[in-house]
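Below is one structure, written out as structure tokens; the observations come after it.
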Amino acid sequence: MEPTESAPATSNITVLRGEPLVVISDVDKHYGDLHVLKKINAVVNRGEVVVVIGPSGSGKSTLCRAINRLETIDAGVITIDGVKLPDEGKDLARLRADVGMVFQAFNLFAHKTVLENVTLGPIKVRGLSKADAEKKAMVLLERVGVANQAKKMPAQLSGGQQQRVAIARALAMDPKVILLDEPTSALDPEMINEVLEVMIDLASDGMTMIVVTHEMGFARKAADRVIFMAEGEIVEETTPEKFFTNPQSTRAKDFLSKIL
Ligand code: ADP
Ligand code: MG
């Protein structure tokens, strides 16, 4: 949290001073004996892009899933725009839709067309008419560069195209924040950039984003802040520039020596 106070007005992290949108307070979680999240505290402000980075198994995905209430927590509180997601009930789907999710494995509905993938949530959860949902979906599919694939089934698309559809699907719900968990890790190398470009475009458009990624290029270009996690803890939190050039902790240094 320290950068909020110490950032000079001229730095690119002045946006840190935006109002808190995602607030994670003292979040703890175990899987049986495994202490997977250890008193996590973090704030993501409106319009901010935060990259979460760290070794495999450090709890990054669990944290993302907890933010969207796909995972329960043992202790602590997570609020989105001041609202704590309920454990269940009719408000859960509506509130959960405020947090767009994009996963490593695309997770599109295999038996629905690309267009249906993007219209389903807005129709069911946001109450849009089919016509309005389709109009909106086409604008979003255009934006991520796959409008000409709208009538196809997901399996007919490349991985990069599927992931861009997944991003359009998340955006179709008008989320307050979008969470992307290793969105390019399952892609063939030649498709990584087309997805990163869409993400960079979203970031420059002011979308609040939490992105688990090891793509340093994305972090440097688009992130206001990097959160480094190891063994269920936030070990470092700083600007991408500082993190990649001058990591403070031994764990971050070790990690970077392996990925760079
Ligand atoms: P990361 O995304 O940083 O690789 P995860 O959040 O996926 O880490 O996992 C953190 C730890 O929790 C890992 O040791 C993983 O094996 C364990 N874990 C994740 N999901 C489950 C689960 N559903 N049940 C038991 N252990 C899990
Ligand atoms: Mg993960």
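The values are calculated or read from the model by the stated rules, or taken from the named source; none is laboratory data. From a predicted model like this one, the values you see are computed outputs, not experimental measurements. Methodologically, a virtual Cβ is constructed for each residue, glycine included, from the backbone with ideal geometry; neighbour enumeration extends over all protein chains shown.
Listed by position, the helices (runs of 4 or more DSSP H) inside segment 52-154 whose residues that are farther than 19 Å from Pro183 by Cβ and hydrophobic (A, V, I, L, M, F, W, C) number at least 1 are 90-96, 114-124, 130-143.
Which helices (runs of 4 or more DSSP H) sit wholly inside segment 185-260 and have at least 3 residues that are under 16 Å from the mean Cα position of the chain (by Cα) and aliphatic (A, V, I, L, M)? Reasoning before the result, please.
On the way: elements: 189-204, 216-222, 240-245, 250-259.
In segment 185-260, 189-204, 216-222 are the helices (runs of 4 or more DSSP H) which contain 3 or more residues that are under 16 Å from the mean Cα position of the chain (by Cα) and aliphatic (A, V, I, L, M).
In segment 179-200, the residues that are touching a residue at least 60 places away in the same chain (Cβ under 8 Å) reach residues that are small (Gly, Ala, Ser) and within 16 Å of ligand 2 (Cβ to nearest atom) with C-beta atoms within less than 7 angstrom, at least six apart or across chains, in these pairs: Asp181/Ser61; Ala186/Ala105. Remark: Gly76 falls outside the filter, which requires a residue to be surrounded by fewer than 21 Cβ atoms within 10 Å (Cβ to Cβ), within 16 Å of ligand 1 (Cβ to nearest atom) and under 29 Å from Gln163 (Cβ atoms). Scanning segment 173-184 for residues that are over 10 Å from the mean Cα position of the chain (by Cα) and closer than 28 Å to Asp132 by Cα, which turns out farthest from ligand 1 (Cβ to nearest atom)? Ranking the candidates gives Asp174 first. Considering only segment 194-208, state which residues are among the polar types (S, T, N, Q) and either in contact with a helix residue (DSSP H, G or I) (Cβ under 7 Å, 6 or more places away or on another chain) or under 13 Å from Ala219 (Cα atoms) (or both). Ser204 - this is the single residue of segment 194-208 that is among the polar types (S, T, N, Q) and either in contact with a helix residue (DSSP H, G or I) (Cβ under 7 Å, 6 or more places away or on another chain) or under 13 Å from Ala219 (Cα atoms) (or both).
Would you check which residues across segment 81-96 are under 13 Å from Pro175 (Cβ atoms) and at pLDDT 90 or above and list them? Of everything in segment 81-96, just one residue is under 13 Å from Pro175 (Cβ atoms) and at pLDDT 90 or above, namely Asp81. Note on segment 83-126: among residues that are over 26 Å from Arg46 (Cα atoms) and among the small types (Gly, Ala, Ser), the one that is surrounded by the fewest Cβ atoms within 10 Å (Cβ to Cβ) is Gly89. Within segment 36-48, the set of residues being in contact with a Lys or Arg (Cβ under 8 Å, 6 or more places away or on another chain) and assigned to a strand (DSSP E or B) comprises Val36, Leu37, Asn45.
Can you name the residue in segment 15-42 that is farther than 14 Å from Met207 by Cα and crowded, with 17+ Cβ neighbours inside 10 Å and, of all such residues, is farthest from ligand 1 (Cβ to nearest atom)? Can you show your working first?
Within segment 15-42, the subset farther than 14 Å from Met207 by Cα is 17, 23-42.
Still in the running and crowded, with 17+ Cβ neighbours inside 10 Å: 23-24, 27, 29, 36-37, 40, 42.
Numbers: Val23: 20, Ile24: 14, Val27: 12, Lys29: 9, Val36: 4, Leu37: 8, Ile40: 11, Ala42: 15 Å.
The selected residue is Val23.
Among the residues making up segment 17-40, those that are over 23 Å from Met209 (Cβ atoms) and more than 16 Å from ligand 2 (Cβ to nearest atom) are Asp26, Asp28, His30, Gly32, Asp33, His35, Lys38, Lys39.
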